[in-house]
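Visitor: Dumping the structure here so I can ask a few things about it.
Where a number appears in this text, it was derived from the coordinates with a stated rule and is not lab data. Keep in mind that this is a model prediction, so the values were computed, not measured. Neighbour counts run over all protein chains shown; Cβ positions are idealised from the backbone, glycine included.
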Amino acid sequence: MSEANAPALSTRGLAMSFGSLVVAKDIDLSLPKGVRYALIGPNGAGKTTLINLMTGMLKPNAGQIFLGGEDITALEPQERVRRGLARTFQINSLFPGLTALEAVTLAVCERRGSSGEFWSKLSSQSEAIDEAHEILLRLRLGDSCYQPTRELPYGRQRLLEIALALATRPKVLLLDEPAAGVPQEESGDIFEAVADLSQDITLLFIEHDMHVVFRFASHIIVLVGGMVFAQGSPAEIAADPRVREVYLGKRKHG
């Protein structure tokens, strides 16, 4: 399949186990370009493990991972980032002493290969600063540019994590519970900002709040026991009696 016609991200027969514990089994996924996918499932279903496999943090026992038309199964995580696959983590890992603008500018400089000049020649990084500022504006963080990251409300810190991932110019962005630990009144702001991202970016996010999932995802993948249990549109997943029994608790969603 040509690069132009290939899915943005796909897996084929992906499998992983730790001894006798199977955490991924025969996972075949195909994410078209520009879609918004939610990855859901009970605790222990293998959601974060799948993200770790896709990003190279874990090596599969079997199967392949493709970014566009390229087999990236053997690539190290940083090489996958360079090719356009980025992620955020559940655990906050920001630079506490930097302002939001400085942190994103550093990430832009890292992508450009000029991070070594960041500390001594920040004034010469005007293009990187402009790009970082645009990313922050896109995520509704414009009024937080000059705040140290440690002083940002937690919800804004999570948005800043997404901004750092966007600084790599990803083709595919994987979000591992982007609203985890965020007060409910702020979590909607995070997903509103994410929903406004360019349609050039394919998005896969893990989320436990079903109201958020059904509101923002165009497609849902359900994992159970390390296997794809079901996938489809929000309407199809909501109407699937097997999913309601196993995961949704027979709740209805509009």
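Visitor: Please check: in the Gaussian network model of the chain (C-alpha springs, under 10 Å), which one of Tyr146, Tyr154, Tyr37 has the largest mean-square fluctuation.
Guide: It is Tyr146.
Visitor: Using only Cα atoms and rounding to the nearest 10 degrees, what angle (0 to 90) does helix 100-112 make with the longest principal axis of the chain?
Guide: 80 degrees
Visitor: Looking at the square roots a ≥ b ≥ c of the eigenvalues of the Cα gyration tensor of region 135-181, which shape do they give, rounded for a/c under 1.5, prolate if a/b is larger than b/c, or oblate?
Guide: Here region 135-181 falls in the oblate category.
Visitor: Once you have a ≥ b ≥ c as the square roots of the Cα gyration tensor eigenvalues for region 193-251, tell me rounded if a/c is under 1.5, and otherwise prolate or oblate according to whether a/b is larger than b/c.
Guide: prolate
Visitor: Let me ask something else about it. Of Phe18, Pro148, Pro178, which is farthest on the positive side of the dipole of the chain, counting Cα position, with +1 on Lys and Arg Cβ, -1 on Asp and Glu Cβ, and the Cα centre as origin?
Guide: Final value for the positive-end residue is Phe18.
Visitor: Below 24 Å Cα-Cα, how many Lys pairs turn up in the chain? Only count pairs eight or more apart in sequence, or on different chains, if you could.
Guide: 9
Visitor: About the Cα centre of the chain, what is the dipole size in debye to 20, counting +1 per Lys and Arg Cβ and -1 per Asp and Glu Cβ, all else neutral? Can you show the working numbers first?
Guide: On the way: 26 positive and 30 negative charges, 125 e Å.
Rounded to the nearest 20 debye, it is 600 debye.
Visitor: Along the positive direction of the dipole of the chain (beta-carbon charges: Lys, Arg +1; Asp, Glu -1; about the Cα centre), which of Gly56, Leu139, Leu29 reaches farthest?
Guide: Farthest towards the positive pole: Leu29.
Visitor: Moving on. Considering amide H positions built from the backbone, and no H for Pro or chain starts, which residues 5 or more places from Arg87, or on another chain, come under 5 Å of its amide H?
Guide: Leu174
Visitor: List the relative contact order of the chain as a percent without decimals, with contacts defined as Cα pairs under 8 Å and 6+ residues apart.
Guide: Answer for the chain is 26 percent.
Visitor: Which order, highest average first, do 41-48, 223-230 follow once you tally other Cβ atoms within 10 Å for each residue and take the mean per peptide? Mind showing how you got there, number by number?
Guide: Details: 41-48: 17.8, 223-230: 19.4.
Listed from highest to lowest mean packing, they are 223-230, 41-48.
Visitor: Roughly what % of DSSP beta bridges within the chain run antiparallel, to the nearest 5?
Guide: 55 percent
Visitor: What list of ³J(HN,Hα) values in whole Hz, one per residue of region 15-20 in order, does the Karplus curve 6.51 cos²θ - 1.76 cosθ + 1.60 (θ = phi - 60°) give from phi, with Gly and Pro shown as x?
Guide: Residue by residue, region 15-20 yields 9, 7, 9, 10, x, 8 Hz.
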